[in-house]
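Novice: Got a structure for you, questions after.
The values are calculated or read from the model by the stated rules, or taken from the named source; none is laboratory data. Since this is a predicted model, take the numbers as computed values, not measurements. Virtual Cβ from ideal backbone geometry, glycine too; neighbours counted across all protein chains shown.
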Number of protein chains: 2
Amino acid sequence: MTATRMRLFTPGPVEIPPRILRVLGQAPPHHRTEGFRETLKRVTAKLAWLHGTAGEVFLLGASGTGAMEAAVVSLVPPGARALTIAGGKFGERWASLLNAYGIAHDVLEVEWGAGVDPQEVARRLDRDPSLRFVFATQSETSTGGLHDVEALAGITRARGRRLVVDAITGVGVHPLPQDRWGVDVVVCGSQKGLMIPPGIATVSLAPWAKDAIEGPGLPRFYFDLRRYRKSAPLGETPFTPPVSLVLALEEALTMIGEEGLERVYERHRRVALATRAGAQALGFGLFPSSPSHAVTALTPPAGIEAGALVKRLREEHGMVIAGGQDRLKGRIVRVGHMGAYDLPDIDALLLALEECVAALGRPATGALPAARAAWERA
Amino acid sequence: MTATRMRLFTPGPVEIPPRILRVLGQAPPHHRTEGFRETLKRVTAKLAWLHGTAGEVFLLGASGTGAMEAAVVSLVPPGARALTIAGGKFGERWASLLNAYGIAHDVLEVEWGAGVDPQEVARRLDRDPSLRFVFATQSETSTGGLHDVEALAGITRARGRRLVVDAITGVGVHPLPQDRWGVDVVVCGSQKGLMIPPGIATVSLAPWAKDAIEGPGLPRFYFDLRRYRKSAPLGETPFTPPVSLVLALEEALTMIGEEGLERVYERHRRVALATRAGAQALGFGLFPSSPSHAVTALTPPAGIEAGALVKRLREEHGMVIAGGQDRLKGRIVRVGHMGAYDLPDIDALLLALEECVAALGRPATGALPAARAAWERA
C-alpha cells in the first residue's frame, strides 16, 4: 500500500481538517463559565448566519437522528397527520419516527435517486387538508439524490403547512436560505459539511415558526426544544453540551466564513461534477437522476462487484468509500466529498479507482482529464 | 494571577488527562469500518468490566440525561407506577422525566445531602405493590451526597422491583458492582470519573433484566434500547456514534485498567478525605451528612459569600469550582475531584482557597497539614 494514512471519502463522518483537530486536542473549558457562554452564543449566531435565518438555532448533544426526533416531538401534537417524502433510507426515517410516536402519516414514495415532484406534493396537500406537516430531506445520503427544497417550501408556505427538512448532509454543501425559501424547520448534524466529529445536531426554527414548538407536542424531555429555547439566551443548554465539539464547531464555522459561504457551495459543486465526470470516464454510472453535491452515488462498471471495489480501495489505497444501504446494498458505491475536499483530493481518489477497476478486470483510463475538464467547465 | 492555565475542580466535565487529549486530536476513523467495530466491541466489554456486569452496556450519543430518559422510556410501560428518590437536583430529574411521559410516581423526599434511609424505601414498596420501579441516584452532584445503592438493591431485589440507578457522577469513583449488588439498570455519563468530554452516555442492563427493555415501553426512537441491542453484536450503534469520544473513552478505560479499579476507588476516597479535612481546617463546613467521594460540597466560613469565593478562585488562581444549584444557590460551593486528581492537585486548590478566605476577610491556615494527615490516615 502506498498510503500511510486512511483517507475518508465517506458519506459522513468525513475528513476533519488539521485546524479542527488541533482544537479537539486542547483542554476544553467548563460549560458553566463566562467564556464558554460567549462561545455558545457566537456559535449559535454563526449557525443562524449559515442557515440564513433570523430565527433560533438549538444545539443538541446527539446524532442527526436525535435532532429529527426533537423536531417531531416538539412540533407534532397527538392526533396530527403528516406527509413524509421517502426516496431513500433517510427519507424513510421520518416515517419510522412518526410510527414510533403513533402519528398517522401518508408516505409519498419517490424513486430512489430521483427528486420529489413538487407538484405531486401540492396535489397531496390540496387533496388532504389534514396533512399539517411535511417531512422532507434535502440531500439523501443513501442514494446521493437531491430534492428541491425551495420548490417544496413554496408549496407548503402557500398552503399554511409546516415544512421540516433534514439538511444533515446538505448543510454547508447546498444553499438552503431558510427564511428566504420559507422553510419552517431545518435539522442538521455536525459530521458532514460542518467537518467535525459526530455528536452535535441542530434544529433551526424560522422566525414565523416561533410558536410551533410551544404547543402540546408529544411526550418529550431531552428533545424538548422549549428547554433549549429557555437556556439559549444565557449561552447555555439545558443539559451538559458536548463542550469539545462546540469548540470544534466554532472553528469549522470560522473556516467557512473565511472561505466565504458562496465559494464553499461553489467548491462543492465543482468537486461533485469532477467526481462524476472522472468516474463516468472509468465506466461508472451516476445512480441518482437528481444528484447531490454532497455524496456521489455510482453504479460500478459491468462485471465489477461494489463490495470488492470498496474493499480494494481501502486495502490497497487506504481510501474509505461506502457501499449501498438497504435495497441498494451491493448495487452502488458512495463517495462522500462534504467539507474540506478539493480537486487534488478527487484526483487521488480517481487514480486509485482507475487502479481498482483495472485490477478487477475492467481497465479504463481518462478519469483525471475528464475530472479536470469538468472542474474547469463548472 | 500566578496560573497560566485554567484548572477544573468542577462537578463535571472535569480535567482531561493529556493522554486522552492526544487521542482527541487525532483523525478518527469512519464508524462503519472493521477497525472501529473492533474498538466499539472492546470499549463495550471494558465498560461491562467497569460495571461488574455480565449483561449488556449500550452506548448513546447524548448527555447523561439522555441515558436516564432511555432507561425510562425503554423500561416503563404506559400506566406503570414508580418510586423516585429525590434528595437533590438530579434525584428530582427522575421525577421530571416521569412527569414528561405522564407516568404516575411517588417521590420519596430526602433531606438534601443526606443518604436515603433504605428501610423507608422498603416500607414504601411494601405498602404499595404497584410501585414496580425505583429510580435512584448514587452520587448526587448537586449536594455532594451519596446514597447506599447496595442497600437499595437488596430491598428492590427481595421484592421483585426494578432498580434504576443514575451513577453518572459515581462511575469510576465509588464501587457499584452491578451484578453482585443486584442493580437492574445503571446509567452513566462520560465527563465525570471517565475523564473525557461530555457527549457519551451509557445504559447497562444486568443479565437478569434482559427482557425489561423488550416490553411495550413508552414512545421512543433515538432512546429505544432495543435498537442498540440489535446493533451491539456487530460492533455498531443504530445511529452515528460520537466516534472521537469513543476512542477517547477507550483510552480512559485503559488508564483505569492500568491503575487498577480498586486503586482508582481508593485514590478518590483519599482525595475526598484530604479535600474535606483541608477545607474544614479553613473554617468550611461539610454540607452533606452522607458525603460522596466525587464532589465535595462545602458551606463557606461565616461571613464569606459563596459567589465571591468562586469568582476570586477563578480570577486570581485560574481554578474553577462550582456554586450551589437550585435551593442551594449561594449556600454552598462544590469542588469536583473525579478522574485523574491526586494530592498535589488538592494541595494547589487548598493553597488557593487559603489565600481566598484571607483576602475575603477570614484568614485561616493549616489546610495543607490537615489534608496531608487525612490522606495518610485514609
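Novice: Out of the range A:119-133, which residues are hydrophobic (A, V, I, L, M, F, W, C) and under 15 Å from A:VAL107 (Cβ atoms)? Break it down stepwise before answering.
Specialist: Of all residues in the range A:119-133, those hydrophobic (A, V, I, L, M, F, W, C) come to A:121-122, A:125, A:131, A:133.
Residues satisfying the conditions are A:VAL121, A:LEU125, A:LEU131, A:PHE133.
Novice: In the range B:166-185, how many are under 27 Å from B:MET255 (Cβ atoms) and over 10 Å from the mean Cα position of the chain (by Cα)? Quick ask: steps written out before the conclusion?
Specialist: Residues of the range B:166-185 that are under 27 Å from B:MET255 (Cβ atoms), as a first pass: B:166-181, B:183, B:185.
Of the ones still in play, those that are also over 10 Å from the mean Cα position of the chain (by Cα) are B:175-181, B:183, B:185.
Of the residues in the range B:166-185, 9 are under 27 Å from B:MET255 (Cβ atoms) and over 10 Å from the mean Cα position of the chain (by Cα).
Novice: Suppose we filter A:GLY79, A:GLY35 for residues that are more than 9 Å from chain B (Cβ to nearest Cβ) and surrounded by fewer than 18 Cβ atoms within 10 Å (Cβ to Cβ); which single one remains? Before you say what the answer is, go through the steps one by one.
Specialist: On the way: A:GLY35 fails: more than 9 Å from chain B (Cβ to nearest Cβ).
None of the others qualify; the one that does is A:GLY79.
Novice: Can you say whether B:ARG334 is closer than 25 Å to B:VAL173 by Cα, within 14 Å of chain A (Cβ to nearest Cβ) and of a type in the set (D, E, K, R), as far as the supplied structure shows? Walk me through it before giving the result.
Specialist: Working: closer than 25 Å to B:VAL173 by Cα: yes; within 14 Å of chain A (Cβ to nearest Cβ): yes; of a type in the set (D, E, K, R): yes.
Yes: the conditions hold for B:ARG334.
Novice: Say we look at the range B:348-361 and pick out the residues that are free of Cβ contacts under 8 Å to residues at least 60 places away in the same chain and not small (Gly, Ala, Ser); which of these is farthest from B:LEU8 (Cα to Cα)? Can you show your working first?
Specialist: Going residue by residue through the range B:348-361, those that are free of Cβ contacts under 8 Å to residues at least 60 places away in the same chain are B:351-352, B:355-356, B:358-361.
Subsequent filtering for residues that are not small (Gly, Ala, Ser) retains B:351, B:355-356, B:360.
On the way: B:LEU351: 15, B:GLU355: 18, B:CYS356: 17, B:LEU360: 22 Å.
The extreme case among them is B:LEU360.
Novice: Check whether at least one residue in the range B:174-182 is over 24 Å from B:TYR228 (Cα atoms) and of a type in the set (Gly, Ala, Ser), and report yes or no.
Specialist: Here is the first cut: in the range B:174-182, the ones over 24 Å from B:TYR228 (Cα atoms) are B:174-175, B:180-181.
Subset that is of a type in the set (Gly, Ala, Ser): none.
No: the range B:174-182 contains no residue that is over 24 Å from B:TYR228 (Cα atoms) and of a type in the set (Gly, Ala, Ser).
Novice: Answer yes or no as to whether A:PRO197 is in contact (Cβ under 8 Å) with a residue 40 or more places away in the chain, over 27 Å from B:LEU218 (Cα atoms) and surrounded by fewer than 22 Cβ atoms within 10 Å (Cβ to Cβ).
Specialist: Criteria not met by A:PRO197.
Novice: For the range B:32-66, which positions are touching a residue at least 40 places away in the same chain (Cβ under 8 Å), more than 25 Å from B:ALA100 (Cβ to Cβ) and in contact with a Lys or Arg (Cβ under 8 Å, 6 or more places away or on another chain)?
Specialist: B:GLY52, B:GLY55, B:GLU56
Novice: Okay, moving on. Kindly indicate which of A:GLY52, A:GLY91, A:GLY87, A:GLY61 is among the small types (Gly, Ala, Ser) and closer than 18 Å to B:SER244 by Cα.
Specialist: A:GLY61
Novice: While we're looking at this one, here's another question. Among the residues of the range A:51-73, what is the count of those that are closer than 20 Å to A:ASP106 by Cα, in contact with an Asp or Glu (Cβ under 7 Å, 6 or more places away or on another chain) and small (Gly, Ala, Ser)?
Specialist: Within the range A:51-73, residues that are closer than 20 Å to A:ASP106 by Cα, in contact with an Asp or Glu (Cβ under 7 Å, 6 or more places away or on another chain) and small (Gly, Ala, Ser) number 0.
Novice: Within the range B:175-189, which residues are away from chain A (no Cβ under 14 Å) and within 21 Å of B:ARG263 (Cα to Cα)?
Specialist: Step one: of the range B:175-189, the residues away from chain A (no Cβ under 14 Å) are B:175-186.
Across the range B:175-189, the qualifying residues are B:PRO175, B:LEU176, B:PRO177, B:GLN178, B:ASP179, B:ARG180, B:TRP181.
Novice: Looking at B:LEU234, B:LEU286, B:LEU247, which one is over 18 Å from the mean Cα position of the chain (by Cα), surrounded by fewer than 24 Cβ atoms within 10 Å (Cβ to Cβ) and in the same structural domain as B:LEU298 (by TED's automatic domain parsing)? Walk me through it before giving the result.
Specialist: Values: B:LEU234 fails: in the same structural domain as B:LEU298 (by TED's automatic domain parsing); B:LEU247 fails: in the same structural domain as B:LEU298 (by TED's automatic domain parsing).
Within the list B:LEU234, B:LEU286, B:LEU247, the selection yields B:LEU286.
Novice: If I filter the range B:1-26 down to residues being over 22 Å from the mean Cα position of the chain (by Cα), more than 21 Å from B:LEU59 (Cβ to Cβ) and surrounded by 14 or more Cβ atoms within 10 Å (Cβ to Cβ), which single residue comes out as nearest to the other protein chains (Cβ to nearest Cβ)?
Specialist: B:GLY25
Novice: Go through (1) modelled with pLDDT of 95 or more; (2) touching a helix residue (DSSP H, G or I) at 6+ places or on another chain (Cβ under 9 Å) for A:ALA27 and report which single condition fails.
Specialist: (1)
Novice: Could you list, in sequence order, all residues of the range B:338-362 that are within 14 Å of chain A (Cβ to nearest Cβ) and crowded, with 22+ Cβ neighbours inside 10 Å?
Specialist: B:MET338, B:GLY339
Novice: In the range A:318-337, which residues are surrounded by fewer than 16 Cβ atoms within 10 Å (Cβ to Cβ), at negative phi and at pLDDT 95 or above?
Specialist: A:LYS329, A:ARG331
Novice: Could you list, ordered by first residue, the pairs with Cβ atoms under 6 Å in which the first is in the range B:122-151 and closer than 22 Å to B:GLY12 by Cα and the second is modelled with pLDDT under 95, at least 6 apart or interchain?
Specialist: B:SER142/B:GLN325
Novice: Applying the selection to the range B:16-62, what residues are in a loop (DSSP other than H, G, I, E, B) and β-branched (Val, Ile, Thr)? Can you show your working first?
Specialist: Step one: of the range B:16-62, the residues in a loop (DSSP other than H, G, I, E, B) are B:16-17, B:25-33, B:52-55, B:62.
Residues satisfying the conditions are B:ILE16, B:THR33, B:THR53.
Novice: Checking the structure you have, find out if any residue of the range A:101-122 is in the same structural domain as A:GLU150 (by TED's automatic domain parsing), farther than 27 Å from A:PHE287 by Cα and touching an Asp or Glu at 6+ places or on another chain (Cβ under 8 Å). Can you show your working first?
Specialist: Kept after step one, since they are in the same structural domain as A:GLU150 (by TED's automatic domain parsing), are these residues of the range A:101-122: A:101-122.
Those left that are additionally farther than 27 Å from A:PHE287 by Cα: A:101-105.
Imposing the further condition that a residue be touching an Asp or Glu at 6+ places or on another chain (Cβ under 8 Å) reduces the set to none.
No: zero hits.
Novice: Here's a follow-up. Of the conditions (1) surrounded by 24 or more Cβ atoms within 10 Å (Cβ to Cβ); (2) in contact with a helix residue (DSSP H, G or I) (Cβ under 6 Å, 6 or more places away or on another chain); (3) within 18 Å of A:VAL295 (Cα to Cα), A:PRO175 satisfies every one except a single condition; which number is it?
Specialist: With respect to (1) surrounded by 24 or more Cβ atoms within 10 Å (Cβ to Cβ); (2) in contact with a helix residue (DSSP H, G or I) (Cβ under 6 Å, 6 or more places away or on another chain); (3) within 18 Å of A:VAL295 (Cα to Cα), A:PRO175 is out only on (1).
Novice: Ok, one more. For the range B:65-76, how many residues meet the condition of being more than 7 Å from every other protein chain (Cβ to nearest Cβ) and either assigned to a helix (DSSP H, G or I) or at pLDDT below 95 (or both)?
Specialist: Within the range B:65-76, the subset more than 7 Å from every other protein chain (Cβ to nearest Cβ) is B:67-68, B:70-76.
Keeping just the survivors that are either assigned to a helix (DSSP H, G or I) or at pLDDT below 95 (or both) gives B:67-68, B:70-75.
Final tally of qualifying residues: 8.
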